[in-house]
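Asks: There's a structure below that I have some questions on.
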Amino acid sequence: MLLPIPGCYSRAMTPGMTIPFKQREFDLVVKYNRYGFRGAEFPIVKKQGELRVLLLGDSMIEGQGVAEDRRVSDVLQKKLDKEAMFQKCAVINGAQIATNPDEYYRNLNALVLL
């Protein structure tokens, strides 16, 4: 079931969509989760005791041109998994290509105030 998050900025990337991106510098297939964000599904409700890190931004944070495991959010998640001393951390990449600070703010409110 595709579930856009109420209040999140709506853009051309449809939830659940898979898009091939091929340019001289890269050749990737990008998958969007049911909420319209690139990457794996994530639970809306955080687990008890979990610390969440939310990244917002445009194509740079979404990871345009790089494999999913090389995006800043995925690299940060791996580092936190390795070094987190006190609690489980979850990094959520809430970035979307072709957006601006107004949309980041809208997504922040939609994702944080759920």
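For every residue, the table says whether it meets (1) modelled with pLDDT of 90 or more; (2) over 15 Å from Phe37 (Cα atoms).
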position: Leu54; (1), (2): yes, no
position: Asp58; (1), (2): yes, no
position: Gly63; (1), (2): yes, no
position: Ser73; (1), (2): yes, no
position: Leu76; (1), (2): yes, yes
position: Gln87; (1), (2): no, yes
position: Val91; (1), (2): yes, no
position: Pro101; (1), (2): yes, yes
position: Asn107; (1), (2): no, no
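Asks: Out of Phe37, Phe26, report the one residue that is surrounded by fewer than 15 Cβ atoms within 10 Å (Cβ to Cβ), at pLDDT 80 or above and aromatic (Phe, Trp, Tyr).
Replies: Phe26
Asks: Related question: Taking segment 88-114 as the region of interest, how many residues are in a loop (DSSP other than H, G, I, E, B), out of contact with any Asp or Glu (no Cβ under 8 Å at 6 or more places or on another chain) and more than 23 Å from Lys78 (Cβ to Cβ)?
Replies: 2
The values are calculated or read from the model by the stated rules, or taken from the named source; none is laboratory data. As the structure is a computational prediction, the values presented were derived from the model and not from experiment. Cβ sites come from the backbone with ideal geometry, for glycine too, and all protein chains shown count toward neighbours.
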